[in-house]
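Some notes on the structure that comes next.
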Amino acid sequence: METVPVLDGIHSAETFHPAFLEAFFGLVARLEAHPQEFHNALQGKIIASVFEEPSTRTRLSFEVAAQRLGAGVITVADPATSSRVKGESLKDSARVLGGYADLMVLRHPRDGASRLVAQASGIPVVNGGDGRLGHPTQTLIDLYTLRKEWEGFEGRVVGILGDLRYGRTARSLAWGLAACGASILLLPGPGLSWEGGLEERILRRFEYRRRPVKHPLIPGWTGSSEAWILEPRNLVQGDLFGSGVADLNQVDALYLTRLQEERGARQERGAYPGVDQERMGNSLLSSCVLLHPLPRQAELPDTLDSDPRLRCFEQARLGPVVRQAVFLALLQGEVWSIPAVTPLPTGEDKHDLGSCRNSNCVTLEEEIPPPWRVEGRKPRLFLCAFCDTPLHVEYLGCRSTRRVHPLHSASSGKIRAENLRPFASREQAELAEYAWGG
Ligand code: NCD
């Protein structure tokens, strides 16, 4: 495996792959075992920590990580004290900070903000949470915490419980678990499932399948008798047609999340799912470790604080050391030999596909056309390159033949990636002087 510095930053857990994770966790383990080896490893570097949303753990643990490595830190902890309140665009702020710092950690309320800031600043950017889209370094902490428990992830079942729709830690964790080959039990609170095709994208990328599961504990969590499990196809060879309901005998970890009210999440009183002593007494959860990114609310009561299965404070404790490894991977990649995380394609914005449909996309705040990137072949999926929302595409043109086909036709699947020219409507294709079919 070629080892190159990971210069593009860490924006999405979607880019994690097994070779990266293995080398990365090896580095975290070395940092834990021999912290003195790394003192001053980043002396002379400046890290900008820009938090445009509230944070305790994430910001402070990044700053502790920088200081442990001897780097200098500059901070915006309260956006009310920066020029952004004078109407400065995110792009302009990013460009300026790119000249001051070697790396930036960004937390921002808009989906896709870190990718946009990475483009504008020209320095590696670490996403410290963007809107409801992702929180990839929290995922690195979550996976490292689990890796300390288990030899491997194969055959393990991890339940994700609560606010899947608005919770960025849950979304990122799903990508990370799939990269590790774990089965993912989806336990959204009522009305809090993922939208935007996330599940389908995971199924396609990792050759996973989705099966219903039943268990007496499930209705009290999701409000429905059934839940869904995403699992590697090769785990379920016996059930070729995928019609069967999967048996659920054991959940190895449960990832709890709070209701993200600040993002518009609402729930009937008492309907939001969580755990308590009684539920934790169920045999399904007998050896189930409990994770929570914190802050917690009623879903994880402190009556469980002495439960030996609780890991949330261990996750918080591991925050700084995992983030030290993030900085080293990005700024000293050639020394510590971390295989590169595959950057997401930047996409193109030359074609007018209209605005991004996600009202929280950073492109709307910045008033820029959404650049797109493409995924899959049958059919091709065009996503906003910043927030991953599918863009409205009906027809596909080929730039070399200048012919256009319906998106779902066999011909459109044959167009080479470099020749793709998406259109939202027939009129658009005609205006661009593309001929039909053939
Ligand atoms: C999470 C976040 O900000 O997304 N917290 C964290 O980083 N530890 C989860 C949350 O706020 O619910």
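The values are calculated or read from the model by the stated rules, or taken from the named source; none is laboratory data. Because the structure is a prediction, the values reported are computed rather than measured. Methodologically, a virtual Cβ is constructed for each residue, glycine included, from the backbone with ideal geometry; neighbour enumeration extends over all protein chains shown. Protein only, heavy atoms only, side chains kept; ligands, DNA and RNA dropped before computing areas. Shrake-Rupley method; radii C 1.70, N 1.55, O 1.52, S 1.80 Å.
Of the helices (runs of 4 or more DSSP H) lying entirely inside the range 186-303, the ones with 2 or more residues being open to solvent by less than 40 Å² (accessible area, probe 1.4 Å) are found at 198-206, 218-222. If you go through the range 58-86 and keep only what is modelled with pLDDT of 95 or more, among the aliphatic types (A, V, I, L, M) and assigned to a helix (DSSP H, G or I), you end up with Leu60, Val64, Ala65, Ala66.
Rundown of residues vs (1) in a strand (DSSP E or B); (2) within 11 Å of the ligand (Cβ to nearest atom); (3) touching a Pro at 6+ places or on another chain (Cβ under 9 Å); (4) open to solvent by less than 10 Å² (accessible area, probe 1.4 Å), yes/no style:
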position	(1), (2), (3), (4)
Gln138	no, yes, yes, no
Ile141	no, yes, yes, yes
Thr145	no, no, no, yes
Leu161	yes, no, yes, yes
Arg165	no, no, yes, no
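The set of residues in the range 302-335 that are more than 16 Å from the ligand (Cβ to nearest atom) and either in contact with a Lys or Arg (Cβ under 7 Å, 6 or more places away or on another chain) or more than 20 Å from Gly9 (Cα to Cα) (or both) comprises Asp302, Thr303, Leu304, Asp305, Ser306, Asp307, Pro308, Arg309, Gln324, Leu331.
Checking Val96, Val50 one by one, the residue that is away from the ligand (no atom under 16 Å from the Cβ), outside any loop (DSSP other than H, G, I, E, B) and not charged (D, E, K, R) is Val96 and no other. A search for C-beta distances below 8 Å between a residue of the range 28-52 that is farther than 29 Å from Leu146 by Cβ and any residue that is open to solvent by 60 Å² or more (accessible area, probe 1.4 Å), counting only pairs 6+ apart in sequence or on different chains, returns Ile46/Ile74; Ile46/Tyr100; Ala48/Ile74; Ala48/Thr75; Ala48/Tyr100; Val50/Thr75. Applying a threshold of 7 Å to beta carbon distances and a minimum spacing of six or more residues, or different chains, the list of pairs starting in the range 361-379 at a residue that is over 19 Å from Phe206 (Cβ atoms) and ending at one that is assigned to a loop (DSSP other than H, G, I, E, B) and among the polar types (S, T, N, Q) reads Cys361/Thr389; Leu364/Ser355; Glu366/Ser89; Pro370/Ser355; Pro371/Thr346. Is it true that some residue in the range 386-409 is without any contact (Cβ under 8 Å) to a residue 12 or more places away in the chain and either under 19 Å from the mean Cα position of the chain (by Cα) or outside any loop (DSSP other than H, G, I, E, B) (or both)? No - not one qualifying residue is present in the range 386-409.
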